[in-house]
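Enquirer: First, the structure itself, so that you have it in front of you.
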Amino acid sequence: MNYNSWFDKEPFGAITINDNAKIKLKSYEDFEKIDLVFYKGFDEILRVELEKNIYDYNITLPKFSDGIYNYHFEAYINGNVRFFGKNEFNGNIKEFSKDFINKYQLTVYKKVEVPNWYKEGVMYNIFVDRFNNGNKSGKINSPKKNSFIYANWSDEPMYIKDNNGNIIRWDFFGGNLKGVIEKLNYLSKLGVSIIYLNPVFEARSNHKYDTGNYKKVDPMFGDEETLKELIEKADKKGIKIILDGVFSHTGVDSIYFNKFNNYNEIGAYNSEESKYFNWYKFKNYPNEYECWWGINDLPNVDEMNESYRNYIIYDKDSVLNKWISMGIKGFRLDVADELPTQFIREFKKRLKEVDSDSVLVGEVWEDASNKVSYGETRTYLLGEELDSVMGYPFRNNMVYFLKGHISSSDLVNRFMTIKENYPKEAFKSNLNILSSHDTTRILTELDNDKELVKLAVLTQMTFEGVPYIYYGDEAGLFGGNDPENRKTYPWKNEDTETLNFYKNAVNFRNKNETLKIGDTEFLYNDDDIFSFIRKDEKEILVLINRSNEDKNIEIKDKVLEEIFIDNKNKIKIQNNNILLNKKSYRIFNVLKKL
């Protein structure tokens, strides 16, 4: 039986609630009939017989409501039933036993448009304390009590912990929002159009994921006027600002919980009469409570508590209203898997009401179309929740390929699976990450091989989706897991070779509309060569050779013109026999097809 969901279903991939998808397959066995069986979760919801025309079978599907569906085929012959589902590695069909069928996925969604400024942009992530101190004196704003301040900007970050591994003194370098303002020219020249700030709200830690007050900028970073100045000056340079929203938990040292009595407010820890008491779930009041991943400093909140939702979403001066009204263009939802679906939907609905041109991004580490968390299949991308997600699968796929763990065919199959499962807008808005504050830096991950890093960056800047730069990667920063991946930006000590490559690659993307809006067609030629075409009205061919050997490949039936992101390695091609030097890339305009 021949069927490949990537080529034999129209339209390709996810469909809208208004689409009637068409499926066709071919079989040279004389089956009496073939049924197409659909599931939602574990429940069979639809069984239809395919129309037969000699060896061809086809069907036009009815319209589905939004959701994640799965399907397989059952073929009947001589009184027996055979079961066919999806090959685990690509879109091809494969025979399975009845009890172990790997089913195809069909994503059905409500059509939405993601703002062009986002899906055609380049994002830069700033961990504020480690980016830049904008005070001319170098003085650190409002140091925290009992904190550790590094003597030099270039010091190695470390944690000060007790014998049980608990952090007993937070460490700071003194980066602030003035420092971001001071570097807007740098970011603009780099080609950045979106800045995503890790949390800026008042909190005890350096990372600020232990929120102390959602409505106040941390004094170490500045104040509301400083943030407003950043928004306005960034906007003049065509740069939008997105904030990190940490809504699954707060800090114990917060206006809401107030465990240490550092706030002039009756917190949930102080009294059961506190207006915040019902935000939290106490097991044995006041010292035993639900907390995020067992970390006592991070008490979980009940996101569906009416008072909490009003405070975050609905009040006239809600957290959402306050910052969006100031000019913030969206939020990145921390640990989206921990947030109830209804909370995300209500947040998204209100966000679009306040600013229809805003975006909502979610932290999701896996394929976000079929993510299961706490026993629930999430519906992030079906139109009522997230506009975009953190593309950790992109990072994983590129690392596996560049380190030789998978072939280029495997890489293509992984990308095609995501492309098939995601709605088209979601795929074009997917954040293509190489590093983040939660991962090792890409230079370290690739064993300090700068040539492989260049290939990763070149792919990131020419691939479909939104490139995501973690501050300092472009300067050659290296580092393992936290805190090594949170070093300070090395101002005046950048790796200029890497920095110049980033600048050229980002601006090459920004100058080529096809790379911002085009679709993707993958090519197959060599296990070490990843190749794809981005196309709209024009076509751009990208070739990446990961190996330690020069490679010759032939691109048939196309007239090619080489284009460059810099002036290095200009090699003429003849008859479309293309030489790719070891650990190198080449890019071409496809002038026409023969």
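The values are calculated or read from the model by the stated rules, or taken from the named source; none is laboratory data. All of these numbers come straight from a predicted model, not from anything done at the bench. We place every Cβ from the backbone using ideal geometry, glycine too, and count neighbours over all the protein chains shown.
Enquirer: Just to be sure before I move on: is LEU452 hydrophobic (A, V, I, L, M, F, W, C), touching a residue at least 60 places away in the same chain (Cβ under 8 Å) and not in a helix (DSSP H, G or I) in the structure I sent? Break it down stepwise before answering.
Expert: Values: hydrophobic (A, V, I, L, M, F, W, C): yes; touching a residue at least 60 places away in the same chain (Cβ under 8 Å): yes; not in a helix (DSSP H, G or I): no.
So LEU452 does not fit the description; no.
Enquirer: OK, next. From the list ASN163, ASN102, ASN80, which residue is surrounded by fewer than 18 Cβ atoms within 10 Å (Cβ to Cβ), modelled with pLDDT under 95 and of a type outside the set (Ser, Thr, Tyr)? Outline the logic, then answer.
Expert: On the way: ASN102 fails: modelled with pLDDT under 95; ASN80 fails: modelled with pLDDT under 95.
On inspection, the qualifying residue turns out to be ASN163.
Enquirer: Please enumerate the residues belonging to the stretch 143-196 that are part of a strand (DSSP E or B) and within 27 Å of the chain's Cα centre (by Cα). Show your work before the answer.
Expert: Within the stretch 143-196, the subset part of a strand (DSSP E or B) is 148-149, 160-161, 167-169, 171-172, 194-196.
The answer is ILE194, ILE195, TYR196.
Enquirer: Of all residues in the stretch 174-195 being crowded, with 21+ Cβ neighbours inside 10 Å and touching a Lys or Arg at 6+ places or on another chain (Cβ under 6 Å), which is farthest from VAL335 (Cα to Cα)?
Expert: Step by step, filter the stretch 174-195, then rank; the result is GLY175.
Enquirer: List every residue pair whose Cβ atoms lie under 8 Å apart, where the two residues are 6 or more positions apart in sequence or sit on different chains, the first residue falls within the stretch 489-513 and is assigned by TED's automatic domain parsing to the domain that holds LYS450, and the second residue, located anywhere, is among the aromatic types (Phe, Trp, Tyr).
Expert: Note: pairs meeting the criteria are TYR489/PHE131; TYR489/TYR471; TRP491/TRP153.
Enquirer: How many residues are under 33 Å from the mean Cα position of the chain (by Cα) and modelled with pLDDT of 90 or more when one looks only at the stretch 564-581?
Expert: Start the filter on the stretch 564-581 by keeping residues that are under 33 Å from the mean Cα position of the chain (by Cα), which leaves 564-569, 580-581.
Subsequent filtering for residues that are modelled with pLDDT of 90 or more retains 580-581.
Final tally of qualifying residues: 2.
Enquirer: What's the total number of residues in the stretch 539-557 that are closer than 20 Å to PHE463 by Cβ, at pLDDT below 95 and in a strand (DSSP E or B)?
Expert: Within the stretch 539-557, residues that are closer than 20 Å to PHE463 by Cβ, at pLDDT below 95 and in a strand (DSSP E or B) number 1.
Enquirer: Residues in the stretch 443-465 that are out of contact with any strand residue (DSSP E or B) (no Cβ under 8 Å at 6 or more places or on another chain) and of a type outside the set (Asp, Glu): how many?
Expert: Number satisfying all stated conditions: 9.
Enquirer: Further question: Within the stretch 312-327, how many residues are in contact with a helix residue (DSSP H, G or I) (Cβ under 7 Å, 6 or more places away or on another chain) and either within 18 Å of ASP253 (Cα to Cα) or touching a residue at least 60 places away in the same chain (Cβ under 8 Å) (or both)?
Expert: Qualifying residue count for the region: 4.
Enquirer: Which of the residues that make up the stretch 512-536 are in contact with a Gly (Cβ under 9 Å, 6 or more places away or on another chain), outside any loop (DSSP other than H, G, I, E, B) and surrounded by fewer than 19 Cβ atoms within 10 Å (Cβ to Cβ)?
Expert: Listed by number, the list holds a single entry, LYS535.
Enquirer: Mind listing whichever residues of the stretch 1-32 are at negative phi and of a type in the set (Gly, Ala, Ser)?
Expert: SER5, ALA14, ALA21, SER27
Enquirer: Name the single residue, out of those in the stretch 220-263 being of a type in the set (S, T, N, Q) and outside any helix (DSSP H, G or I), that is surrounded by the most Cβ atoms within 10 Å (Cβ to Cβ).
Expert: The first filter runs over the stretch 220-263 and keeps only residues of a type in the set (S, T, N, Q), leaving 226, 248, 250, 254, 258, 261-262.
With outside any helix (DSSP H, G or I) added as a condition, the list becomes 248, 250, 254, 258, 261-262.
Details: SER248: 20, THR250: 31, SER254: 28, ASN258: 23, ASN261: 12, ASN262: 14.
The selected residue is THR250.
Enquirer: Which members of the stretch 476-505 meet the condition of being within 20 Å of ASN198 (Cα to Cα), basic (Lys, Arg) and out of contact with any His (no Cβ under 8 Å at 6 or more places or on another chain)?
Expert: Correct list: LYS487 only.
Enquirer: Go through the stretch 375-399 residue by residue and tally those that are surrounded by fewer than 17 Cβ atoms within 10 Å (Cβ to Cβ) and touching a residue at least 24 places away in the same chain (Cβ under 8 Å).
Expert: The qualifying residues number 2.
Enquirer: For the stretch 326-380, what are the residues that are among the β-branched types (Val, Ile, Thr) and at positive phi? Give the derivation first.
Expert: Looking only at the stretch 326-380, we keep the residues that are among the β-branched types (Val, Ile, Thr), and these are 328, 335, 341, 344, 354, 359, 361, 364, 372, 377, 379.
Selection gives VAL335 alone.
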